[in-house]
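Working notes, structure below.
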Amino acid sequence: MSNNKFFSCSKIVLTKFFLNSDLIDVYSNNKIMNEKSSNLGEMKMVDASGKLTQAPRVKGLEYAIRDISAEARKLSAQGKDLIWLNIGDPNKYDFETPKNIVDAFVEAARENKSFYSESQGIVSLREAIVEKEKKINGAKNLSIDDIHVTAGISEGIMFLFASLLSPGDEILIPGPAYPSYMAFPKFYDAKSVTYRTVSTDNWQPDEDDIRSKITDKTKAILIINPNNPTGAVYREKELKQIVDIAGEHNLPIIADEIYDRLSFDQKFIGMPSVAKDVPLFMMNGFSKVYLMPGWRVGYCYLQDPDDKLREVYEGIIKLGRLRLCVNTPAQYGCTEALTGPQDHIKETVEKLRKRRDIIYKRLNEIEGISTQKPEAAFYIFPKIENLGKYKNDKEFILALLKEEGVVGVFGSGFDPTYGSGYFRLVFLSQEEIISDAMNRLERFMKKI
Ligand SMILES: Cc1ncc(COP(=O)(O)O)c(C=O)c1O
């Protein structure tokens, strides 16, 4: 029997948990047969041909970075020579997880530390996180109970927004921003609202714009510092102004500091050191600074002197229990990452600085392109001054991929308002590969 037939003759009834008008609209737009059974609150989710359909909450989800990879892979399969400058994964280039961290992981597995750990994370790792966050980012009064280890920040974002956001809520995020901060609020029927970051001022946040976008639905202000995709490091003055705005409006701040130790020129200032009594929800992880994105370990923590976020945090703990734990041997590896030698960080920053300098110089020499100098991480976010025959940044990036094999990400994928007309490149590649990509971009711009 074909799948189609199977689905059309079987009685597949999925429980519908929400019955709000928006959802019903989405269902009808997608031509789903909305057959209510006699039991109110239940409906079939099959289309006219009897196939199961995607739930509305995942229909609109996008992740521009990986969407471009799918296009690129098709071309690569056809034999096109590509230069991949689209994914912020150091281990896909010439960066390796330090050996002492790998050894600690292997040893933990050998010693049968392969049990389910505490859902919040093993104690030794949480102790090491407390020490790191106090020393590097100025966290105050932190205890291991305030730390939750997650499968990367990505799981932390999922948990946080699940626990914080109700349908209709808004969260203020920088424009442009790392796409998960746009996608997950949508997933929970809430909304991210981007505030302007000012390209001509090294992509610093615009405080007046933040103020003007606060409504009675706003639940939190997010900062990503250092920033992906712009490479900006926020100045102390800007951080303090955001703290003041949050304080005036009784809002918590969410701060993603995953690139905290990859700053080139500007001194990085951790939000906990300037937040006074404003409640903070902090996100961080091991993927970037410790060169181990595939291990999937990150963490979140609270700095919350008046316990204003405690209930939301309890929700995160419940979600953490449902997914049992993060990979246990990997957590032992991460304990070693924080407590062992830190030499690789300086080496990584120096290697990246050289690559940043090359790509920054070359991009500004190409007619029709201009860029700010990234101050941290491994991303550059140039402006397309001359789109030529292309309608927008997405068309531009797809044509650059097809014609010259340079894989970048279109800026509007990081925010349709403040990212539009820009694109993001990753400068993790070796110098000669970056130069090759710049030669190709230059040739492309001459034909535009
Ligand atoms: C700002 C930012 N936050 C979070 C993530 C995802 O981190 P993780 O690997 O810890 O899930 C990324 C990945 O590129 C990022 O750039």
In the stretch 404-425, residue surrounded by the most Cβ atoms within 10 Å (Cβ to Cβ) [restricted to those that are in a helix (DSSP H, G or I) and under 26 Å from the mean Cα position of the chain (by Cα)]: F414
Residues of the stretch 426-439 classified as surrounded by fewer than 17 Cβ atoms within 10 Å (Cβ to Cβ) and not acidic (D, E), total: 3
Residue that is farthest from Y290 (Cα to Cα) [pool: residues in the stretch 229-259 that are outside any loop (DSSP other than H, G, I, E, B) and acidic (D, E)]: E248
First in the stretch 62-89 and more than 21 Å from I434 (Cα to Cα), second anywhere and surrounded by fewer than 12 Cβ atoms within 10 Å (Cβ to Cβ), Cβ under 7 Å, 6 or more apart: none
Exclusive hit being in contact (Cβ under 8 Å) with a residue 60 or more places away in the chain, of a type in the set (F, W, Y) and within 27 Å of N284 (Cβ to Cβ), set F410, F378: F378
Residues (away from the ligand (no atom under 13 Å from the Cβ), farther than 13 Å from I221 by Cα and assigned to a helix (DSSP H, G or I)) located in the stretch 155-184: A162, S163
Criterion violated by G152 - all others in (1) more than 10 Å from the ligand (Cβ to nearest atom); (2) touching a residue at least 60 places away in the same chain (Cβ under 8 Å); (3) surrounded by fewer than 23 Cβ atoms within 10 Å (Cβ to Cβ) satisfied: (1)
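So that you can scan it fast, the table gives a plain yes or no per residue for (1) in a strand (DSSP E or B); (2) surrounded by fewer than 24 Cβ atoms within 10 Å (Cβ to Cβ):
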{"site": "M282", "(1), (2)": "yes, no"}
{"site": "K288", "(1), (2)": "no, no"}
{"site": "Y301", "(1), (2)": "yes, no"}
{"site": "V312", "(1), (2)": "no, yes"}
Residue selected from the stretch 196-247 under the condition farther than 21 Å from F381 by Cβ and small (G, A, S), by the criterion nearest to the ligand (Cβ to nearest atom): A220
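Here is a yes/no grid of residues against (1) outside any loop (DSSP other than H, G, I, E, B); (2) charged (D, E, K, R):
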residue	(1), (2)
I358	yes, no
E367	no, yes
K373	no, yes
K389	no, yes
F396	yes, no
K402	yes, yes
Some residue of the stretch 254-266 being modelled with pLDDT under 95 and surrounded by fewer than 24 Cβ atoms within 10 Å (Cβ to Cβ): yes
Options I83, I101; residue that is within 30 Å of L319 (Cα to Cα) and within 26 Å of the chain's Cα centre (by Cα): I101
Leading residue by the ranking (farthest from the ligand (Cβ to nearest atom)) among those in the stretch 248-279 that are in contact with an Asp or Glu (Cβ under 8 Å, 6 or more places away or on another chain) and among the β-branched types (V, I, T): V274
Candidates D216, D208, filtered to the one that is assigned to a helix (DSSP H, G or I), of a type in the set (D, E, K, R) and surrounded by fewer than 19 Cβ atoms within 10 Å (Cβ to Cβ): D208
Among residues of the stretch 285-299, those that are of a type outside the set (G, A, S) and within 8 Å of the ligand (Cβ to nearest atom), counted: 5
Test: E367 is in contact with a Ser or Thr (Cβ under 7 Å, 6 or more places away or on another chain) and not assigned by TED's automatic domain parsing to the domain that holds S180: no
Which numbered condition S143 misses (of (1) of a type outside the set (D, E, K, R); (2) surrounded by 22 or more Cβ atoms within 10 Å (Cβ to Cβ); (3) more than 10 Å from the ligand (Cβ to nearest atom)): (2)
Any hit, the stretch 64-86, residues being at pLDDT 95 or above and within 16 Å of the ligand (Cβ to nearest atom): yes
Count of residues meeting criterion [in a loop (DSSP other than H, G, I, E, B) and buried (at least 21 other Cβ atoms within 10 Å of the Cβ)] in the stretch 99-116: 0
Subset of the stretch 48-93 (residues that are outside any loop (DSSP other than H, G, I, E, B), of a type in the set (D, E, K, R) and either touching a Pro at 6+ places or on another chain (Cβ under 7 Å) or closer than 13 Å to V426 by Cβ (or both)): K92
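The values are calculated or read from the model by the stated rules, or taken from the named source; none is laboratory data. None of the values given here were measured: they were computed from a predicted structure. Positions of Cβ are generated from backbone atoms using ideal geometry, with glycine treated the same way; all protein chains shown enter the neighbour counts.
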